[in-house]
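**Q** Following this message is one structure expressed as structure tokens.
A short reminder: the numbers here are calculations on the coordinates, not readings from a lab. Worth saying up front: this structure is predicted, and the values here are computed from it rather than measured. Please note: Cβ atoms are built from the backbone with ideal geometry, for glycine as well, and neighbour counts cover all protein chains shown.
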Ligand code: ADP
Ligand code: MG
């Protein structure tokens with residue numbers, strides 16, 4: 001029940017209280033598109049559009065936020081922040097566009113996002129995405145040379161290697177390298193004109209220009225470019241008109257010492273359906289390939305992505321992903337991000353079992369590199385539950401069944417009993433018997449203890465949710 005008439009109004013009143021307590025720029029950035037999802041029995045669930053905002057609300061502004069909520073809603077007890085991807089663009093009416101209500105000065109608003117990229121007048125181009133940098137590209141044996149070549153080109157455009165031709169399989173980081181190089185050129189000299197596009201996009205522009213009979217204007221526009229980046233050139237195969245235009249553009253830029261960077265899924269000699277004169281030009285500068293990353297590089301990439309996401313994930317989970325996804329960095333990253341996102345939404349922490357079940361859904365096959373006893377089916381016995389709890393808390397199952405009274409063991413034991421009781425509905429007597437003939441009152445006491453702790457211990461709620469998920473319930 002809300003004291004004010006709607007979640008929206010409630011959040012606006014809270015924001016009014018928070019706003020003077022927080023730096024304006026921070027307020028406009030981190031409270032943008034946040035909102036109340038529910039307020040129930042003292043628990044306020046607040047939605048944030050992404051992980052970063054959630055992190056800031058939970059950690060940096062926690063005090064100010066809680067003080068404001070308490071002022072407006074005296075029945076408030078606990079705050080839960082959830083990521084609501086739908087909140088990111090105001091398409092959920094609970095999320096508030098704070099710039100509308102609180103930010104009249106445009107210059108104060110410094111939201112992170114795509115930076116403006118200067119484009120040659122009239123050149124329609126996909127902007128470079130600032131998230132790709134040469135700095136956040138993890139270098140391994142597979143990509144050392146490609147990265148070094150991109151670095152040289154970025155610091156000496158038109159002079160180091162021209163053209164630079166990068167090739168390699170799908171999802172291995174070619175687009176990342178190309179865009180990062182463009183970004184680096186602009187970072188060194190914001191006045192440079194860098195154009196990035198896929199060869200499909202390039203084709204469409206040419207077709208359009210020919211349709212409008214203004215291919216001359218098209219040519220003139222590209223003359224102004226300092227660096228032309230064409231991604232996935234293999235799609236130019238069999239498109240003769242486009243190849244012709246590209247050939248002229250290429251020569252023009254090349255003759256004027258303008259940088260050209262090209263990527264492809266295969267080396268130039270294997271590009272079928274491409275004119276020989278074009279293919280031979282690709283070999284005039286430098287050809288580098290990106291290979292599959294080895295295990296250590298995959299693990300390093302996962303660690304880097306976790307840092308970017310500000311997500312703490314158990315190294316064991318990252319190792320499991322690195323072992324099981326050998327073919328593509330895109331898949332590697334995708335699995336990690338999905339695990340993080342699902343865990344966020346469900347208030348759990350990603351576990352090996354959790355990731356394995358996502359992988360299983362994706363591939364429709366049992367992943368390898370799992371321990372034999374890590375069966376993904378639903379937990380049915382006390383032994384199953386104890387095994388899962390033991391894995392989660394990194395203790396031995398035998399210890400949980402044992403008598404030790406250390407707190408590192410007591411907690412998992414109580415949690416296991418609680419989950420067997422609530423998840424498998426076993427009677428207290430049976431649980432006692434399964435735990436080496438313990439009295440049913442001991443079991444009851446353990447379950448009550450966990451239940452009580454769950455009322456206020458956020459970390460325990462997360463543990464229980466994660467383990468339940470691993471139990472298949
Ligand atoms: P490609 O263009 O070769 O198909 P992408 O450049 O789109 O591959 O890479 C897929 C994803 O993997 C991107 O999100 C990219 O940032 C990431 N990625 C690939 N290689 C690396 C690397 N070495 N370090 C960091 N991220 C990488
Ligand atoms: Mg690509």
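**Q** Work out, in µm²/s and without decimals, the Stokes-Einstein translational diffusion coefficient of the stretch 144-290 at 4 °C, 1.567 mPa s, Rh from Kirkwood over C-alpha pairs.
**A** Estimated diffusion coefficient is 85 µm²/s.
**Q** If each residue's Cβ is checked for other Cβ atoms within 10 Å, how do 55, 226, 255 rank with the fewest at the top?
**A** 255, 55, 226
**Q** Then there's this: Quick check for you: which residues of the stretch 202-228 have the amide N under 12 Å from the point 7 Å beyond the Cα of residue 256 toward its beta carbon?
**A** 219-228
**Q** Need the full-extension length gain, residue 448 to residue 215, defined as separation in residues times 0.36 nm minus the C-alpha distance. One decimal, nm.
**A** 76.1 nm
**Q** Given just the C-alpha atoms of the chain, how large is their convex hull per residue in cubic angstrom?
**A** It comes to 184 Å³ per residue, whole-number rounded.
**Q** Under a point spin-label approximation (7 Å from Cα along Cα-to-Cβ), what is the residue 460-residue 45 distance to one decimal in nm?
**A** Simple spin-label model gives 2.1 nm for this pair.
**Q** Related question: From the C-alpha coordinates alone, can you work out the Kirkwood hydrodynamic radius of the stretch 184-262, in Å?
**A** Computed over the stretch 184-262, the radius equals 13.0 Å.
**Q** Let me have the relative contact order for the stretch 206-335, percent, based on Cα pairs under 8 Å that are six or more residues apart.
**A** Worked out over the stretch 206-335, it gives 20 percent.
**Q** When the chain is fully extended, how far beyond the present Cα-Cα distance does residue 135 get from residue 425, taking 0.36 nm per residue of separation?
**A** Full extension of this stretch gives 99.1 nm more.
**Q** May I ask you to sort 174, 60 by Cβ crowding, counting other Cβ atoms within 10 Å and putting the fewest first?
**A** Fewest to most other Cβ atoms nearby, the residues stand as 60, 174.
**Q** If you wrap the stretch 382-471's Cα atoms in a convex hull and average its projection over all directions, what's the area in nm²?
**A** Projected over every direction and averaged, the Cα hull of the stretch 382-471 covers 5.0 nm².
**Q** What number in nm² do you get for the stretch 1-64 if you take the convex hull of its Cα atoms and divide its surface by four?
**A** For the stretch 1-64, averaging the hull's shadow over all directions gives 4.2 nm².
**Q** Please state the relative contact order of the chain as a whole percent: Cα pairs under 8 Å, 6+ residues apart?
**A** Relative contact order here is 12 percent.
**Q** If the stretch 148-232 were replaced by its equivalent ellipsoid, with semi-axes equal to the square roots of 5 times the Cα gyration tensor eigenvalues, what would those be, largest first, whole Å?
**A** Over the Cα atoms of the stretch 148-232, the semi-axes work out to 25, 17, 10 Å.
**Q** Report relative contact order for the stretch 382-471 in percent, whole number only (criteria: Cα-Cα under 8 Å, sequence separation at least 6).
**A** Normalised by residue count, the contact order of the stretch 382-471 is 28 percent.
**Q** In the stretch 150-184, which residues have a backbone nitrogen under 17 Å from the label point lying 7 Å from residue 279's Cα in the Cα-to-Cβ direction?
**A** 165-168
**Q** Tally the DSSP beta bridges in the chain and give the antiparallel ones as a percent, rounded to 5.
**A** Just about 25 percent of them are antiparallel.
**Q** Shifting gears a bit: What is the extension gain from residue 383 to residue 77, computed as 0.36 nm multiplied by their sequence separation minus the C-alpha to C-alpha distance, in nm to one decimal?
**A** 106.5 nm
**Q** Any idea what % of Cα-Cα pairs in the stretch 309-363 are farther than 14 Å?
**A** I get 48 percent for the Cα pairs in the stretch 309-363 exceeding 14 Å.
**Q** Within a 10 angstrom radius of the beta carbon, how do 11, 56 rank from fewest other beta carbons to most?
**A** If I rank by nearby Cβ atoms, fewest first, I get 56, 11.
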